[in-house]
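The values are calculated or read from the model by the stated rules, or taken from the named source; none is laboratory data. Model, not experiment: these values are computed from the prediction. Neighbour counts run over all protein chains shown; Cβ positions are idealised from the backbone, glycine included.
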Amino acid sequence: MPSGSPLSSPNSKDAPRRGLATRAVHPPELQPQGGRPTAPLLDLSSTYSFEDAEEFARASQAKVGEGYVYARWANTTVDLFEAAVADLEGTEEAEAFSSGMAAIACVCLALCDAGDRIVAARQLYGTTFALLSQRLPRYGIETTFCELDDYDSIAAALPGSKLLYCETIGNPRIQVADLKQLAALAAEADVPLVVDNTFASPVLCRPAELGAQVVLHSATKFLGGHHDLLGGIVCGDSASVDRVRAVARDVGPTLAPFNAWLALRGLATLHLRVIRSSESALVIARALHDHPAVDAVHYPALPSDVHRSLAEKQLSGMGGGTLGFEVAGGKQRATRFQEGLKLVQPAASLGGSHTLLVHSASVTHTQLSAQELKEVGISQGFYRLSVGLEDPGDILSDLTAALDATADL
């Protein structure tokens with residue numbers, strides 16, 4: 001990976017291949033001199049000085065790989081985070097960003113020019129949908145949206161396009177994408193498959209192993225895991241990441257070193273957190289499925305879910321830490337339910353230590369019209385629940401108490 005200083009890794013080619021949990025705790029590090037720190041180093045410098053003029057000029061020309069010059073180009077702590085996530089996703093390289101949306105935007109700008117077209121699943125995070133449907137067309141980049149599992153329509157739309165885009169687990173309806181099938185369609189059309197793996201994390205799914213060329217995350221979510229940072233990251237082969245990196249250098253959505261340091265800290269517990277939240281989410285999904293105030297529960301590990309078999313194969317048999325459910329009775333009852341919660345916090349994020357609930361139509365998908373909300377299956381009673389690390393019994397008690405309090409409506 002291009003960087004300003006050599007990185008060493010306990011997971012090098014000469015070492016035995018260790019498990020993902022071990023690699024998350026022991027990410028690549030700077031070449032040690034003397035004692036080795038057990039915590040990642042935090043480099044807050046925005047610029048670096050040189051005594052040798054030729055070395056300064058050479059490093060400035062290269063931007064990365066010849067020494068650190070300017071933090072928008074490379075920073076030691078950010079490099080460590082990039083190397084760690086690339087290792088977990090099983091890709092050659094990675095480039096970090098100030099947010100997940102910055103990562104998504106730079107991928108689109110790197111792989112597309114004015115006059116090009118993207119093919120994307122209709123089931124996407126609201127801001128991603130807005131980027132593809134409203135913002136990029138202003139710069140001559142159009143998007144054809146298809147249902148996630150309508151493979152005939154996807155295959156028909158791909159010729160002449162520049163990329164196929166989807167989410168491993170769709171936000172917020174928790175629909176699982178068949179990445180092998182989509183990768184085969186993309187390969188046949190000779191376009192890259194770009195996958196947002198935020199909801200699954202590399203603990204449950206590594207899209208590059210299934211044929212994706214580019215994998216990205218909002219590091220704000222599971223990778224960071226503590227609701228205290230904003231960040232994004234793009235992983236892939238060297239050629240793809242180089243194209244994305246070139247856009248990032250010009251546009252400047254740089255990940256702050258401190259946020260990279262926080263994300264490295266989060267990676268150490270990633271495996272534990274994802275497994276814990278997934279196990280708790282299944283307990284809660286089962287209970288909500290039988291609650292009379294709930295019309296439907298969307299969670300791929302439920303036996304009744306249409307994506308159960310795909311989750312078994314692609315998500316290590318788990319459903320992830322996020323579920324969707326629909327409160328019966330529409331917006332009035334949903335609002336009463338939300339305002340009755342005591343432990344679960346209404347907040348717009350996911351994948352962290354705290355259990356968070358969000359009303360998708362009024363918070364995460366406000367960019368969609370009423371018709372578009374209907375098309376992607378988001379009702380006025382729909383909620384997305386990100387299950388945190390609290391005792392699942394306490395989470396469930398809070399949810400059911402708030403639901404029961406709406407029985408008179």
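Going through (1) in contact (Cβ under 8 Å) with a residue 24 or more places away in the chain; (2) touching a helix residue (DSSP H, G or I) at 6+ places or on another chain (Cβ under 9 Å); (3) at positive phi; (4) not charged (D, E, K, R) one by one, Ala260 falls short only on (3).
Gly224 - would you say it is in the same structural domain as Thr77 (by TED's automatic domain parsing), buried (at least 24 other Cβ atoms within 10 Å of the Cβ), farther than 28 Å from Ser353 by Cβ and at pLDDT 95 or above? It is false that Gly224 is in the same structural domain as Thr77 (by TED's automatic domain parsing), buried (at least 24 other Cβ atoms within 10 Å of the Cβ), farther than 28 Å from Ser353 by Cβ and at pLDDT 95 or above.
One line per residue, one yes/no per condition, for (1) outside the structural domain of Gly67 (by TED's automatic domain parsing); (2) in a loop (DSSP other than H, G, I, E, B); (3) at pLDDT 60 or above:
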| site | (1), (2), (3) |
| --- | --- |
| Met1 | yes, yes, no |
| Asn11 | no, yes, no |
| Ala15 | no, yes, yes |
| Arg23 | no, no, yes |
| Thr38 | no, yes, yes |
| Leu44 | no, yes, yes |
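Is it fair to say Thr76 is modelled with pLDDT of 95 or more, among the polar types (S, T, N, Q) and on the phi < 0 side of the Ramachandran plot? Considered against the rule, which asks whether it is modelled with pLDDT of 95 or more, among the polar types (S, T, N, Q) and on the phi < 0 side of the Ramachandran plot, Thr76 comes out as no. Of the residues that make up the range 276-296, is at least one part of a strand (DSSP E or B) and among the aliphatic types (A, V, I, L, M)? Yes, that holds for at least one residue. Ala293 fails exactly one of the following numbered conditions: (1) more than 30 Å from Ala96 (Cβ to Cβ); (2) of a type in the set (Gly, Ala, Ser); (3) surrounded by fewer than 18 Cβ atoms within 10 Å (Cβ to Cβ). What is the number of that condition? Failed condition: (3). If we keep just the residues of the range 365-383 that are touching a residue at least 40 places away in the same chain (Cβ under 8 Å) and over 13 Å from Arg122 (Cα atoms), which is surrounded by the fewest Cβ atoms within 10 Å (Cβ to Cβ)? Restricting to residues being touching a residue at least 40 places away in the same chain (Cβ under 8 Å) and over 13 Å from Arg122 (Cα atoms), the top hit is Thr366.
Within the range 209-221, the set of residues being outside any strand (DSSP E or B), among the small types (Gly, Ala, Ser) and under 15 Å from Glu167 (Cβ atoms) comprises Ala212 only.
Residues considered: Ser369, Ser386. Of these, the only one that is hydroxyl-bearing (Ser, Thr, Tyr) and at pLDDT below 90 is Ser369.
Put simply, of Ala311, Ala334 the only residue that is modelled with pLDDT under 95, outside the structural domain of Leu124 (by TED's automatic domain parsing) and outside any loop (DSSP other than H, G, I, E, B) is Ala334. Filtering Thr322, Thr400 for residues that are surrounded by 18 or more Cβ atoms within 10 Å (Cβ to Cβ) and β-branched (Val, Ile, Thr) leaves a single hit, Thr322. Each residue in the range 230-269 was checked for being among the aliphatic types (A, V, I, L, M), surrounded by fewer than 23 Cβ atoms within 10 Å (Cβ to Cβ) and not in a helix (DSSP H, G or I), and 3 pass.
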